[in-house]
């Protein structure tokens, strides 16, 4: 049995960041996989570099900017963001509410009329109870039903009415009436995407931004957790290794953490079962010609298509693909609420046909010449349904008995890192799935940074 000052569960970016900022010499990380960095890992395949899910850095935090820049010796590309959307054989600059001029006149008129009707209603934001009502109120029912609601069902795997609204923040642009009408008629619209510029490493994929943080880290790979005794501060692994700790920092998915933890109330175990997230099938497609689009990523509104979002790897860094070829990373989402109806290979083959349909693969290219491989991620995005807050409240109250320090922001889907740093106890949760929050990679770094000066 080994006693550890700071025992960290999970070697993804959150766990790595916590160890990095505390000091690797004071920490031990247990990781069930044979590799570290979790979903930020990049891999080479047939001369292509693929990230384990789409990643770009668009952080507003100077600390993260400087850290990532230092980690790649300032060898990165900075791109002005250019996303596009696909809707029934039409390419639209993203987001659609700022680019109506690209739509057929009949659809455009319906969108305008619907938007104006909603704005004329005497309705207040505090009367809105779900994301569906928010979309109707903010964009009009026509834009909501044609574009955003179908995409929501594809990306979040649930209907908009089943989502809360507290996660939205700046992620959805809500135009003023004057801006909306102007952009419906003018071609040269300003970008209203919540991301304006992104950075991406020149070499090695997104992992290169964070890999140097693992240097000198004490990581035990292939150590899957079997049980956690919160009362006696004992962690047992499936390989029969046992660890005791002074402080525990968990970045593993919260439902798993609760399931493995002893000494909790039955109500807590039941609450953890109500935390929902999406699952992700990545279809990495090797295309035998240069990219047919200059966009960095594409949204596909058509609900009949599996393809939800496409990241064009070549446009992030030409080093991601062999010369003369391009790589399309396609996202297809599922969840317990919306499970797959076919096996992954059958879905992938349909995705290939969809890439032909939307024009990313040239018609003359034989489908036999297009190679692909699948990657499945059990945890993709937190689903912000109406049970999330209540379930987390039950969980956090119970964990407070074992050294977890509650704070005012813990139930919020996002964290404002300009706020006061939350208090740390002997039991801590960290990261997107550890805290069950809407975290990006920079949020995970900042969450780890809050442990700087953390004492054992």
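We did not get these values from a lab; they are worked out from the coordinates using the rules stated. Quick caveat, the model's predicted, so the values are computed rather than measured. As a convention, Cβ positions derive from the backbone with ideal geometry for all residues, glycine included, and neighbour counts pool all protein chains shown.
Working from Cα positions, state the angle (0 to 90°, nearest 10) between the long axis of helix 13-22 and the longest principal axis of the chain.
Helix 13-22 sits roughly 50 degrees off the main axis of the chain.
What is the fewest-to-most order of 24, 386 by other Cβ atoms lying within 10 Å of their Cβ?
Values: 24 19, 386 12.
Ranked by crowding around the Cβ, least crowded first: 386, 24.
Please report the antiparallel percentage of the DSSP beta bridges confined to the chain, to the nearest 5. Kindly include the intermediate steps, with their values, before the conclusion.
Values: 46 of 69 bridges.
Approximately 65 percent, going by the DSSP bridge assignments.
Hey, what angle do you get for helix 62-71 against the long axis of the chain, alpha-carbon based, 0 to 90 degrees rounded to 10?
It is inclined by approximately 80 degrees.
How much length is gained if the chain between residue 90 and residue 304 is pulled fully straight, taking 0.36 nm per residue apart and subtracting their Cα-Cα distance, in nm to one decimal? Numbers along the way, then the final one.
Working: separation 214, 0.36 × 214 = 77.04 nm, distance 1.52 nm.
Full-extension gain reported as 75.5 nm.
Cα-Cα pairs above 22 Å in the range 167-286: how many percent? Don't skip to the end; give the middle numbers.
On the way: 4709 of 7140 pairs.
Above the 22 Å cut-off, the range 167-286 has 66 percent of its Cα pairs.
Does the range 54-201 come out rounded, prolate or oblate, given a ≥ b ≥ c as the square roots of the eigenvalues of its C-alpha gyration tensor, rounded meaning a/c under 1.5 and, failing that, prolate meaning a/b above b/c? Intermediate results must be reported in sequence, preceding the final value.
Values: a/c = 2.13, a/b = 1.60, b/c = 1.33.
Prolate.
Round to the nearest 0.05 the FRET efficiency obtained for residue 66 and residue 176 when R0 = 45 Å and r is the Cβ-Cβ distance.
Details: r = 35 Å, r/R0 = 0.78.
Calculated transfer efficiency: 0.80.
Which FRET efficiency, nearest 0.05, do residue 265 and residue 45 yield, Cβ-Cβ r, R0 41 Å? Intermediate values should be presented prior to the final figure.
Values: r = 46 Å, r/R0 = 1.11.
After rounding, the FRET efficiency stands at 0.35.
Alpha carbon centre of the range 182-240 versus the range 342-361: separation in Å?
27 Å
Note the full-extension length gain between residue 79 and residue 409 as 0.36 nm times their separation in residues minus their Cα-Cα distance, in nm to one decimal. Could the numbers behind the result be given before it?
Details: separation 330, 0.36 × 330 = 118.80 nm, distance 3.28 nm.
Taking 0.36 nm per residue and subtracting the Cα distance, the gain is 115.5 nm.
Between residue 400 and residue 244, what length in nm is gained on full extension when 0.36 nm per residue of separation is reduced by their alpha carbon distance? Provide the component values of the computation, followed by the final result.
Values: separation 156, 0.36 × 156 = 56.16 nm, distance 1.92 nm.
Here the segment from residue 400 to residue 244 would lengthen by 54.2 nm.
Which value at 222 nm does the chain reach when only helices count, each DSSP H run of 4 or more adding -39,500 (n - 2.57), with the total divided by all residues and rounded to the nearest 500 deg cm²/dmol? Don't skip to the end; give the middle numbers.
Details: 13 runs with 115 residues, N = 456.
My calculation for the chain gives -7000 deg cm²/dmol from helical runs alone.
Any chance you could give the angle, 0 to 90 degrees and rounded to 10, that helix 388-399 forms with the longest Cα principal axis of the chain?
The angle comes out at about 10 degrees.
Where a ≥ b ≥ c are the square roots of the eigenvalues of the C-alpha gyration tensor, would you call the range 265-342 rounded, which needs a/c under 1.5, or, failing that, prolate if a/b is larger than b/c, or oblate? Could you put the intermediate results ahead of the total?
Details: a/c = 3.45, a/b = 2.47, b/c = 1.39.
Note, shape of the range 265-342 comes out prolate.
Which translational diffusion coefficient, to the nearest whole µm²/s, is obtained for the chain from the Stokes-Einstein equation, given a Kirkwood hydrodynamic radius over C-alpha pairs, 37 °C and 0.692 mPa s?
Details: Rh = 23.4 Å.
For these conditions, the coefficient is 140 µm²/s.
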